[in-house]
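Heads up, the thing below is written out as structure tokens.
The values are calculated or read from the model by the stated rules, or taken from the named source; none is laboratory data. Source: prediction; values computed, not measured. Glycine also receives a Cβ, built like all others from the backbone with ideal geometry; neighbour counts cover every protein chain displayed.
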Amino acid sequence: MEIITTHTKIDFDGMASMIAAHKLYPDAIPVRLRSFQPNVKKFLSLHRDIFRFQPIQRIPVDRIHRIILVDTSTLSIVENLAPILTKRDVDVIIYDHHPRPEHAIQANEAIIRNVGATTTILVQLLKEKNIPLTPIEATAMALGIYADTGNLTYNRTTAEDVEAVAYLFRQGADVTAIRRFLKVIFTQDQKRILYRLIRSAVKFSVNNNKIMIGAVEIEHYIDDLTLVTQRLADIEEADAVFCFYYDQQRDIVYIIAKSQTDNIDVGKLMTGFGGGGHARAASAQIPKGTLTALKARLYQQLKKVTVSPLTVGEIMTSPVSRISIDTPISEVENFMEKNQIHGLPITNDQGELVGIISKTDVEKARVNQLMHAPVKGFMTKQIKTISPQDTLDKAEALMIMHNIGRLPVLDAGQLVGIITRTDVLKHLYNKTTG
């Protein structure tokens, strides 16, 4: 007997990966180890006659000789399959887009690719093998990719994910159905937990990264705590959010982590707690253990693995060109054109920063036929500055807030550099911006 299965709390990517794997392995039985997330459950309730998933309790496990495991390779996440997965006479094939954990399930074949969704890997194989899809199958698979990539907006989204979605649309995927089933509606339990998290959360800094930790006790398991954690991350201005949920009924602590920055790899952090996931989203569950002790343990791990964010001092232009307040506008224009720059800081006789002039200011002087006038009559005197120790994110925020293209960098009151929109864009897109 062959079975296809995934992690215990099945999301859209897990469901879609199982559906896609069943197209590749039509003799295998799709099996659920536990339950589906609420939106997945709604989708399957409507499509019950098309997509069937047998509960593991109905499967004679002693007859299983092959397991096709999708969207996970972590043993603790498929705990009720552990005795079978470790048997020598059972073949294991894994399809996954998560980084392989340190103690990964041993497999005869493991197809691991760095894409946004496991469904993408399987859709690529279906396309290569020219296996036809019905519009409903294509819709189910597109749901998996959209859900796990945040509608193709998460950082881990790749060109392969976009190409897979395009292929599924050519197979008839229905965008209206996708939008309907991806729509998230908060339950009263989720709203109550979110409110308690907001009230109890603690914020602190690790290596100049803003961290938020929330912890609540829950009387029973509540569906889709990942959604609650994501909403908290959206509301609060933090680089990473860690939520501890203590299930009193099961005596288990669920840790769900979300990162908004490359400086904090929550997947690596959760591996240390027996879980796993991506650099930006990960989780773990721990039998027993006090919340206080677990939070202290997380704090120690954060200090070890958190990377300091890029600072202004690391990418600013230094030394910086500057002009005196008595320089004629015509000379300023020539200097800008020669050096292909759009703005210049202005200093007084003591070398102190007193203003800044842009190409727009020069154009105003030209229109008024005042190119002979000194720059002090056209410079901007209300200057926004930044320090070398400030983060690049702060520089970006200041530029957006004040609609300015450059920030002089001051250290102990002295002009030491300048950072421009172009510098920010080069880092944002990791390439030279024209």
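Checking each residue in region 41-88 for being part of a helix (DSSP H, G or I), over 28 Å from residue 100 (Cα atoms) and hydrophobic (A, V, I, L, M, F, W, C) picks out 43, 44, 46. Candidates 376, 364, 338, 384: the one that is touching a His at 6+ places or on another chain (Cβ under 6 Å), without any contact (Cβ under 8 Å) to a residue 60 or more places away in the chain and not assigned by TED's automatic domain parsing to the domain that holds residue 268 is 384. There is at least one residue in region 123-137 that is under 23 Å from residue 278 (Cα atoms) and not hydrophobic (A, V, I, L, M, F, W, C). Of everything in region 161-180, what is within 23 Å of the chain's Cα centre (by Cα) and surrounded by 19 or more Cβ atoms within 10 Å (Cβ to Cβ)? Give them in sequence order. Passing the criteria: 161, 164, 165, 178. Look at region 40-62: where a residue is surrounded by 11 or more Cβ atoms within 10 Å (Cβ to Cβ) and a partner is acidic (Asp, Glu), sitting 6+ places away or on another chain with Cβ atoms under 9 Å, you get 40/11; 41/223; 50/137; 51/137. Test residue 30 against the criterion of being part of a loop (DSSP other than H, G, I, E, B) and closer than 21 Å to residue 91 by Cβ, and give yes or no. So residue 30 does not fit the description; no. A search for C-beta distances below 6 Å between a residue of region 296-325 that is more than 30 Å from residue 349 (Cα to Cα) and any residue that is assigned to a helix (DSSP H, G or I) and of a type outside the set (Lys, Arg), counting only pairs 6+ apart in sequence or on different chains, returns 301/269; 310/392. Exactly one residue out of 384, 376 is outside any loop (DSSP other than H, G, I, E, B) and surrounded by 13 or more Cβ atoms within 10 Å (Cβ to Cβ): that is 376. The single condition among (1) touching a residue at least 60 places away in the same chain (Cβ under 8 Å); (2) in contact with a strand residue (DSSP E or B) (Cβ under 6 Å, 6 or more places away or on another chain); (3) over 19 Å from residue 168 (Cβ atoms) that residue 7 does not meet is (2).
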